[in-house]
Each structure stands twice: as C-alpha cells, then as structure tokens.
Amino acid sequence: MKITGVDVHVMHGVRRNWVFAKVSTDEGIHGWGEGSLERHEHAVAAAILHLAERIEGHDPTRVEFLWQVMHRHGFWRGGVVIGSALSALDQALWDITGKAYGLPVYKLLGGAVRDRVRAYTHANDIPTAAALISQGFHALKTSGWIAADSDAREEELPSALADKLAAFRREFGPGLRIMIDNHGRARPALAIKQIRAAAPYDIAFFEEPVPPDNLDALAVVRNANLPVELATGERVYFRTGYRGLLARHLVDVIQPDVCHSGGISEVRRIAAMAETEHVLVAPHNPYGPVATAANVHLCAAIPNFAILETARDLPWHDDVQQRPLCIEEGYFQLPDEPGLGVDLDEHLIAERPYQPTAVIPASWDPDDGAPRDV
C-alpha cells in the first residue's frame, strides 16, 4: 500500500473552524486526521500540504517511520503550526493502519485498559450546566474569569469565582465534578487568590493558572501550598515541552492536545512520561469529531487517563460524521470499527466553508485600554 495524495478540508463548525486532513492510498483505503488551530487554520492547512510531500509514495502503515520523517527531515521542528499539521497526518496514518488490519486504533496501541472514556464539557452559568447535566454529564468546566466580561478588573475575580462556584454547589450538590479554566491569564499572585477562593468548593483541578511560557511563574503557584490540584498543557508541545514541567513536579494533571502535540504517536509518549511522575492525563479537546475520536482511542489505552474534554458544537459535530461517536451518561463508548471509527461527509464539509471567527473575545484593560491575554 502506498500514499497517493493528501487533501485538506476546512469546515466551519459553530465556534471554530475545523481543519481535516484526508490521506488517500492506492488500495482505496483513506484515513482522516484533524489539526484544528483556531485563528491559524490557513497556516496549518498549508503546513499539512508541505509535510505531505515527505510521505507521499510511502507505506502509510509505517506510522512511526513516517512520524520521524515528518518531524526530522524539515530541519525546523516543533511549534504549534507544524505540530498541528504533523498531528493531523499522524492521526490519519493510524486511521489507515487500523483499517488495513481490521482493528480499532486502541487495539493497535496495546488494547483498552478501560471499558469507556469519561468526558466533561463546559458551562459558565446555571441554565447551561443544568441542560448538560440533563444530557448525562456529571463533570463540567467553568471559567476562572467573569465569562461575560472580558474587561473585568482583577480585584473582582476571586470573589466572583467564589460566588459562581457557591451557586453551582447549591444548585447541583456535591456530586458534580467541577474544574476551573483560568486560560493562563493571571499573574501568580492573582492566580493564588483565585485558587484560594475556589478551594472550599471541592474543585477537581485548576487549569492554566498562569501563562504557559514561564515555568518559574507556575512554580510560585505550586509552592503556595494550595489545596487544589493544578493542570496545564494545552499550549505545551511535544515531549521536549513537557520534560521540564514533569521533572519539576509542577502540576498534578497534564492536558496534551492530540491536534497540536504530534498526534496519537506523541501524546501516547507524553502520557508515558507523565505516568512515571504519577501525573494524570486529561487531554485538551475543544475541537471537531476526528480529534475527539483520536482522543477516545488514546484515552482507552493509557493507564493514567483522568477525563476527556469535549465541546458539544452541535449539530455539526455529529452531522458531519457518517456514524457519530456514541456518548452515554457522560462517557464515550469505545468504537468497534477499524481505524478511528469516524468517516466524514465531504458534501457537508463543502457546504460549510471557512469563516473568520473570533473564538475568544479580545480583552482590554478597563482602566487604560491596554490589550490583555485572551
């Protein structure tokens, strides 16, 4: 079997554009991968086509060989754009390999270590949370910032977060698992205040308390002896990016993204690194159906899995799949089809082309108008 071509499709979902790679072969087997990267979709699409030049004509089932070729043979390594392109192609190669051997991808990864994959989604208010809980979710993530006000003053944030969490607990009780996403927007001192405000409400983890590009800042938060587990990793790429984070024991949960960190092949290795440090893995996954499928297979096969993020961008998330992934009572069921178990409707993709979208609203200092992290 040989790779004969790679096509890129960009589809507008609801809040994001999804970037799909379709790898075709001379035996009629094709594979899908996803490298969605909000606000940089065109860059990823171009990078996929550049990487495709290195693998065309090769056997797609030599997944590790081709991963190394894509990673090593361009001289420039890493980064989120190249990482997203490599991730999409890696997923597609695993999809083809599973189809070629008639097995789901998680069986190629050593088999499932669990019967189903626990998931969570997002809610910033009581009505949204109630609707999701009625659908079977029992774990939700909410923002550490005032979600309706991107210009909120820092001094308002800890008390506003405490008020929101108190309302969630009054409404839904102790059984709901709650996680906080701080989006890497805070200075260490502010993050510490936020975490202390959240701590009485039994938080599963506090995500990206500070920006991801300074481990020393994260260490300040870690060393404050806070009674809440810390998580980060959606903006950390490849094993090299995780090495210092794990070696310094700065978090309890890592969140690698199968769309950015080198695909199934590399995230599996990152998870193994984390396992040696007794760190759990909760993959970052706010993207489309192929990324979700790739994550489900990964999460089925890694021992130190915690929980999987999913964005319910309905109806398109399900409608674009020939056969949607099955989620019941807050758990993804393991697919039994060969490969990733996801095939896409290319006609629907064509009907929903790329649209510019501000995924995250711009953020400004309310006092002087200076730009802030989104």
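The values are calculated or read from the model by the stated rules, or taken from the named source; none is laboratory data. Keep in mind that what you see is a predicted model, and the values were worked out from it rather than measured. FYI the Cβ positions are ideal-geometry reconstructions off the backbone, even for glycines, and counts take in every protein chain you see. The accessibility values were calculated without ligands, DNA or RNA, using every heavy atom of the protein model including side chains. Shrake-Rupley method; radii C 1.70, N 1.55, O 1.52, S 1.80 Å.
Miscellaneous remarks
- Selection within the stretch 258-281 - out of contact with any helix residue (DSSP H, G or I) (no Cβ under 7 Å at 6 or more places or on another chain), open to solvent by 10 Å² or more (accessible area, probe 1.4 Å), assigned to a helix (DSSP H, G or I) and among the aliphatic types (A, V, I, L, M): A272
- Candidates are the residues of the stretch 287-320 that are of a type in the set (D, E, K, R), in contact (Cβ under 8 Å) with a residue 60 or more places away in the chain and surrounded by fewer than 24 Cβ atoms within 10 Å (Cβ to Cβ); the one that is farthest from E38 (Cα to Cα) is R312.
- Checking each residue in the stretch 91-114 for being charged (D, E, K, R) and closer than 14 Å to A301 by Cβ picks out K107, R114.
- Within the stretch 69-86, the only residue that satisfies the criterion of being touching a Lys or Arg at 6+ places or on another chain (Cβ under 7 Å) and in a loop (DSSP other than H, G, I, E, B) is H73.
- Flag for L308 being in contact with a Cys (Cβ under 6 Å, 6 or more places away or on another chain) and within 20 Å of I178 (Cβ to Cβ): yes
- The number of residues in the stretch 324-339 being among the hydrophobic types (A, V, I, L, M, F, W, C) and part of a loop (DSSP other than H, G, I, E, B) comes to 3.
- Count of residues meeting criterion [assigned to a helix (DSSP H, G or I) and among the small types (G, A, S)] in the stretch 301-323: 1
- Number of the exception - A247 against (1) within 30 Å of R352 (Cα to Cα); (2) surrounded by fewer than 24 Cβ atoms within 10 Å (Cβ to Cβ): (1)
- Residue that is farther than 28 Å from A294 by Cα, in contact (Cβ under 8 Å) with a residue 60 or more places away in the chain and either of a type in the set (F, W, Y) or out of contact with any Lys or Arg (no Cβ under 6 Å at 6 or more places or on another chain) (or both), where the choices are R118, R153, R187: R153
- Filtered by the rule that a residue be surrounded by fewer than 19 Cβ atoms within 10 Å (Cβ to Cβ), of a type in the set (K, R) and at pLDDT below 95, the stretch 1-60 gives R15, R39.
- Taking residues in the stretch 163-183 that are open to solvent by 50 Å² or more (accessible area, probe 1.4 Å), and partners anywhere that are charged (D, E, K, R), the pairs with Cβ atoms closer than 6 Å and at least 6 places apart or on different chains are H183/E208.
- Number of positions in the stretch 61-111 that are small (G, A, S) and surrounded by fewer than 16 Cβ atoms within 10 Å (Cβ to Cβ): 6
- Listed by position, the helices (runs of 4 or more DSSP H) contained in the stretch 90-188 that have at least 2 residues being on the phi < 0 side of the Ramachandran plot and in contact with a His (Cβ under 7 Å, 6 or more places away or on another chain) are 105-108.
- Screening N214 on (1) more than 18 Å from M179 (Cα to Cα); (2) touching a residue at least 12 places away in the same chain (Cβ under 8 Å) shows it passes everything except condition (2).
- Yes/no for V342 being under 26 Å from N17 (Cα atoms) and part of a loop (DSSP other than H, G, I, E, B): yes
- Test for R248: is it farther than 19 Å from T232 by Cα and either touching a helix residue (DSSP H, G or I) at 6+ places or on another chain (Cβ under 9 Å) or acidic (D, E) (or both): no
- Filtered residues of the stretch 33-58 (kept if among the charged types (D, E, K, R), touching a helix residue (DSSP H, G or I) at 6+ places or on another chain (Cβ under 8 Å) and touching a residue at least 24 places away in the same chain (Cβ under 8 Å)): E34
- H284 within 22 Å of G35 (Cβ to Cβ), touching a Gly at 6+ places or on another chain (Cβ under 8 Å) and either open to solvent by 10 Å² or more (accessible area, probe 1.4 Å) or not in a loop (DSSP other than H, G, I, E, B) (or both): yes
- Extreme residue, nearest to the chain's Cα centre (by Cα), among residues of the stretch 42-68 that are β-branched (V, I, T) and outside any loop (DSSP other than H, G, I, E, B): V44
- Of the candidates L348, L334, the single residue that is at pLDDT 95 or above, under 20 Å from the mean Cα position of the chain (by Cα), farther than 22 Å from K141 by Cβ and surrounded by 11 or more Cβ atoms within 10 Å (Cβ to Cβ) is L334.
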